[in-house]
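Structure record follows, encoded as C-alpha cells.
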Amino acid sequence: MDSWIFGHESATMIVIDDRLAIREDEIVETFIRSGGAGGQNVNKVSTAVQLRFDARHSPSLPERVRARLQAIAGARLTKDGVIVLTADRFRTQDANRRDALDRLVELIRKAAHQPKRRVATKPGLGAKQRRLEGKARRSGVKRLRGSKPGAED
C-alpha cells in the first residue's frame, strides 16, 4: 500500500498532508471500459477507473480548503460539487486506481496550500529618480527631433 493510506479504528484514512486526511469511504470508485489500444482486452475488461469525491459535503475538509478545491477543480467538478476523475492510462485496474487516487490527493494538496499574500509596496526614491531621468532623456531626444536645422539662426 502507498504511504498516504493508513488504517484507523473506524475507517481507513487517506493522508493529504500532516494536518489533513480524508476517509476512504468518502470516495466512490466505479470501473468502466477503457478506450484505445489493447485488442480484445479493451472490449472485455473494465480497467478504467472513475473516481468520485463529494467535495461540497465532505466532513474531512476545512471550509477554506473546500472553497479552493472547488475553484481549482474546474471541469472535473459537477454542479452538485462532486469531483470526478477518470484514470485509464494503465492496463490494470489497480494501477488506474492508484493513478486516480494520486491525482485526487495532489488536487486536494494544491487546494490546501495557502498562497502567500502579496504586500503592496511603494517604489523607492531611487526608482522614482531613475524613472524621471529616463523620461527627461526621452523628452530631450524628442525635442531634438522637432527642431529644424538652420531655423535657430
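The values are calculated or read from the model by the stated rules, or taken from the named source; none is laboratory data. Remember, it's a predicted structure, so these values are computed and weren't measured experimentally. Neighbour counts are summed over all protein chains in view; Cβ atoms, including those assigned to glycine, are modelled from backbone coordinates with ideal geometry.
Tabulated data
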read-out	value
Subset tally (residues that are in a strand (DSSP E or B) and either closer than 10 Å to Arg56 by Cα or without any contact (Cβ under 8 Å) to a residue 40 or more places away in the chain (or both)) for region 74-98	6
The listed residue being modelled with pLDDT of 80 or more and closer than 14 Å to Val28 by Cα, out of Ala100, Ala95	Ala100
Extreme residue, surrounded by the most Cβ atoms within 10 Å (Cβ to Cβ), among residues of region 102-115 that are touching a helix residue (DSSP H, G or I) at 6+ places or on another chain (Cβ under 9 Å) and either within 28 Å of Arg33 (Cβ to Cβ) or of a type in the set (A, V, I, L, M, F, W, C) (or both)	Ile108
Criterion: surrounded by 12 or more Cβ atoms within 10 Å (Cβ to Cβ) and out of contact with any Lys or Arg (no Cβ under 9 Å at 6 or more places or on another chain) - qualifying residue of Arg66, Arg97	Arg97
All positions within region 60-73 that are among the aliphatic types (A, V, I, L, M), modelled with pLDDT under 85 and part of a helix (DSSP H, G or I)	Val65, Leu69, Ala73
Any chance Val42 is assigned to a helix (DSSP H, G or I), at pLDDT below 85 and either among the β-branched types (Val, Ile, Thr) or under 18 Å from Met13 (Cβ atoms) (or both)	yes
